[in-house]
Amino acid sequence: MKTTRRGFLLKAGALTSGGLAARLAPIAALGLAAGAHAQSAPDYKALVCVFLYGGVDGNNLVIPGDSAGYAQYARVRPESSGVNVTQAEMLAIQPAGSATAYGLHPELSEIHPLFAQGRMAILANVGPLNEPTTRANYLAARPDNLFSHSDQQNQWQSAVSDGPSRSGWGGRIADAMASSNAAFPVITSIAGASLFIAGNATSPLALPQSGGLTLQGFNNSAAANARRAAMEAILATDRDNAYVKAAGDITSQALALSSIVNPILSSTTSAVAPLFAGQTGSIAQQLLQVAKLIEARSQTGARRQVFFVSLGGFDTHSNELAVMTTLLGELSPALRAFYDATVQLGVSGQVTTFTLSDFGRTFQPASGAGTDHGWGNHHFIIGGAVRGGEMFGRYPTLLRAGPDDADTAGRWIPTTSVEQYGATLARWFGVPEASLASVFPNLSRFASSDLGFVA
């Protein structure tokens, strides 16, 4: 049967849905590997979002280390609960300006030294909010569909808590900074499609978490080159139909990007790859891909990049201690290897890594040695520009039915909003003040739009 151009494009659509590009930014000048960008891109900055799917238990990430504070923790989470981290195994930290000592989960040993070295900060009790919220106005002010995985993931990733959103704040940052890059997309996901990377005016690039980015049957042989020339010729014809034209443009853009990105991702000579040696977990492989793209910034010509990576499995309704041991045991060395890669590349002060998650978890243990869905959570920010060694925000009072509890299970009402968290990062990244309101529509509802954790 004769293959029509339209049928060909339907089949070729697999190039994009299969991972070459989720929705690609317009690529008008993709001679990026040539002399136009021979020098390292000036004024480079990158944001790296690490999303911890399932709702990581912040109550066991950052624990009071003083006698009175730990006793308060242990009264609700005794060893018999199955979710207790003992005081002896915690990794001690002393936030600057705080009279209270804290401890990190014992599986965070690789990133633990970064706190004392001033390269890691903690943002306490942050989460989605419609407006500043207390126990007194919680019922009137609470965000939609609290404690739901999908809804809270969307609210964390969109910074919109009072209705649906078609874009994420990572994508809207990319919209605001699109002119910073000559042609290469501002935002890249190594973890598939997510709301965080969706923009209103720009499009993200989606890449595999390991290996290269290439096309089946295009191996640079004479026959393959002939096939590619024929394919490009087909894509350049029959452009009177808007849908056919759009499909052809996307496929052409995917082809062009693959020729740039594939050599970067599949390189066996990357200087930063040895830092990840022996780490085979998903999060390490994703961060390695990010490190390679940063290493190749002179080839892509990117001056601003936002990356999205993820690690799942934190929905610990049962067997929490074992699950956290496994997952944090993958996360911590991967984060440290990535930070060390930025140091080796000379861009540690230009790359800021930060964590997000669905929500925190209840302070009160659940049956089965687990915890239930919570709200506010504690997050880490890592990088050379970070004002490390400090805790920002306000750590909650560890008291069930206390001033920070939305009910009686220890679901902490956030004292810092996602908007404030994201705006602090966006301002450091270079988003103009005039654009912050479009990136974070509800930002004006909160007193401070700069939490001060990056210089």
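The values are calculated or read from the model by the stated rules, or taken from the named source; none is laboratory data. Source: prediction; values computed, not measured. Please note: Cβ atoms are built from the backbone with ideal geometry, for glycine as well, and neighbour counts cover all protein chains shown. Side chains included, ligands, DNA and RNA excluded: accessible areas come from the protein's heavy atoms. Shrake-Rupley method; radii C 1.70, N 1.55, O 1.52, S 1.80 Å.
Just for segment 46-85: of the residues that are among the polar types (S, T, N, Q) and in contact with a Lys or Arg (Cβ under 7 Å, 6 or more places away or on another chain), which one is nearest to Asp372 (Cα to Cα)?
If we filter segment 46-85 for residues that are among the polar types (S, T, N, Q), which is where we start, we get 59-60, 67, 72, 80-81, 84.
Filter once more, keeping what is in contact with a Lys or Arg (Cβ under 7 Å, 6 or more places away or on another chain): 59, 84.
On the way: Asn59: 12, Asn84: 15 Å.
Once the filter is applied, the top-ranked residue is Asn59.
Name the residue, out of Ala434, Ala426, that is closer than 28 Å to Ile173 by Cβ and either in a strand (DSSP E or B) or open to solvent by 50 Å² or more (accessible area, probe 1.4 Å) (or both).
Details: Ala426 fails: either in a strand (DSSP E or B) or open to solvent by 50 Å² or more (accessible area, probe 1.4 Å) (or both).
Matching residue, one of Ala434, Ala426: Ala434.
Look at Thr280 and say whether it is open to solvent by less than 10 Å² (accessible area, probe 1.4 Å) and either part of a strand (DSSP E or B) or at pLDDT 95 or above (or both).
no
Across segment 120-144, what is the total count of residues that are within 23 Å of the chain's Cα centre (by Cα), open to solvent by 10 Å² or more (accessible area, probe 1.4 Å) and closer than 23 Å to Phe392 by Cβ?
Start the filter on segment 120-144 by keeping residues that are within 23 Å of the chain's Cα centre (by Cα), which leaves 120-130, 143-144.
Narrowing further to those that are open to solvent by 10 Å² or more (accessible area, probe 1.4 Å): 130, 144.
Subset that is closer than 23 Å to Phe392 by Cβ: 130.
Of the residues in segment 120-144, 1 are within 23 Å of the chain's Cα centre (by Cα), open to solvent by 10 Å² or more (accessible area, probe 1.4 Å) and closer than 23 Å to Phe392 by Cβ.
Scan segment 302-325 for residues that are within 18 Å of Gly346 (Cβ to Cβ) and not hydrophobic (A, V, I, L, M, F, W, C) and jot them down.
Arg303, Arg304, Gln305 - these are the residues of segment 302-325 that are within 18 Å of Gly346 (Cβ to Cβ) and not hydrophobic (A, V, I, L, M, F, W, C).
Which condition number in (1) of a type in the set (Val, Ile, Thr); (2) crowded, with 23+ Cβ neighbours inside 10 Å; (3) under 23 Å from Arg445 (Cβ atoms) is the one that Thr415 fails?
(2)
In segment 437-455, how many are open to solvent by less than 40 Å² (accessible area, probe 1.4 Å) and assigned to a helix (DSSP H, G or I)?
2
Check Ser318 against each of (1) open to solvent by 10 Å² or more (accessible area, probe 1.4 Å); (2) more than 24 Å from Ala406 (Cβ to Cβ) and name the one condition it does not meet.
Ser318 satisfies all of (1) open to solvent by 10 Å² or more (accessible area, probe 1.4 Å); (2) more than 24 Å from Ala406 (Cβ to Cβ) except (2).
I'm told Leu327 meets every condition in (1) buried (at least 24 other Cβ atoms within 10 Å of the Cβ); (2) more than 14 Å from the chain's Cα centre (by Cα); (3) within 27 Å of Ser150 (Cα to Cα); (4) not aromatic (Phe, Trp, Tyr) except one. Can you identify the failing condition by its number?
In the conditions (1) buried (at least 24 other Cβ atoms within 10 Å of the Cβ); (2) more than 14 Å from the chain's Cα centre (by Cα); (3) within 27 Å of Ser150 (Cα to Cα); (4) not aromatic (Phe, Trp, Tyr), Leu327 misses (1) alone.
Can you say whether Val306 is open to solvent by less than 30 Å² (accessible area, probe 1.4 Å), under 16 Å from Phe51 (Cα atoms) and not in a helix (DSSP H, G or I), as far as the supplied structure shows? Please lay out each step first, then the result.
On the way: open to solvent by less than 30 Å² (accessible area, probe 1.4 Å): yes; under 16 Å from Phe51 (Cα atoms): yes; not in a helix (DSSP H, G or I): yes.
So Val306 passes the test.
Could you please give the count of residues in segment 145-193 that are part of a loop (DSSP other than H, G, I, E, B), of a type in the set (Gly, Ala, Ser) and open to solvent by 20 Å² or more (accessible area, probe 1.4 Å)? Let's see the steps before the verdict.
From segment 145-193, those part of a loop (DSSP other than H, G, I, E, B) are 145-148, 159-168, 177, 181-186, 190-193; that's our starting set.
Filter once more, so that each one left must be of a type in the set (Gly, Ala, Ser): 148, 159, 161, 163, 165, 167-168, 182-183, 191-193.
With the extra rule that they be open to solvent by 20 Å² or more (accessible area, probe 1.4 Å), the set shrinks to 148, 163, 165, 182, 191-193.
Residues in segment 145-193 being part of a loop (DSSP other than H, G, I, E, B), of a type in the set (Gly, Ala, Ser) and open to solvent by 20 Å² or more (accessible area, probe 1.4 Å): 7 in total.
Would you check if Ala284 is small (Gly, Ala, Ser), out of contact with any strand residue (DSSP E or B) (no Cβ under 6 Å at 6 or more places or on another chain), within 30 Å of Phe363 (Cα to Cα) and without any contact (Cβ under 8 Å) to a residue 60 or more places away in the chain? Lay out the reasoning, then the answer.
Working: small (Gly, Ala, Ser): yes; out of contact with any strand residue (DSSP E or B) (no Cβ under 6 Å at 6 or more places or on another chain): yes; within 30 Å of Phe363 (Cα to Cα): yes; without any contact (Cβ under 8 Å) to a residue 60 or more places away in the chain: yes.
The answer is yes for Ala284.
Just to check your reading of the model, which residue among Ala201, Ala256, Ala226, Ala247 is among the aliphatic types (A, V, I, L, M), at pLDDT 70 or above, assigned to a helix (DSSP H, G or I) and open to solvent by 20 Å² or more (accessible area, probe 1.4 Å)? Show your work before the answer.
On the way: Ala201 fails: assigned to a helix (DSSP H, G or I); Ala256 fails: at pLDDT 70 or above; Ala247 fails: at pLDDT 70 or above.
Of the residues listed, the single one that is among the aliphatic types (A, V, I, L, M), at pLDDT 70 or above, assigned to a helix (DSSP H, G or I) and open to solvent by 20 Å² or more (accessible area, probe 1.4 Å) is Ala226.
From the list Arg361, Arg394, exactly one residue is modelled with pLDDT of 95 or more, closer than 28 Å to Gln94 by Cβ, of a type in the set (Lys, Arg) and open to solvent by less than 10 Å² (accessible area, probe 1.4 Å). Which is it?
Arg361
Working only within segment 127-144, note down all residues that are closer than 9 Å to Phe359 by Cβ and part of a loop (DSSP other than H, G, I, E, B).
Selection gives Pro128 alone.
Looking at (1) surrounded by fewer than 23 Cβ atoms within 10 Å (Cβ to Cβ); (2) assigned to a helix (DSSP H, G or I), which is the one condition that is false for Thr269?
(2)
Just one of the numbered conditions (1) without any contact (Cβ under 8 Å) to a residue 40 or more places away in the chain; (2) in contact with a His (Cβ under 6 Å, 6 or more places away or on another chain) is not true of Thr355; which one?
(1)
If you go through segment 205-216 one residue at a time, do you hit one that is more than 29 Å from the chain's Cα centre (by Cα) and at pLDDT below 80?
yes
Restricting the first residue to segment 113-126 and requiring it to be at negative phi, which pairs with a second residue that is assigned to a loop (DSSP other than H, G, I, E, B) and of a type in the set (A, V, I, L, M) meet a Cβ separation below 8 Å and a spacing of at least six or different chains?
As it stands, the answer is Met120/Ile111; Leu123/Leu451, since those pairs meet every condition given.
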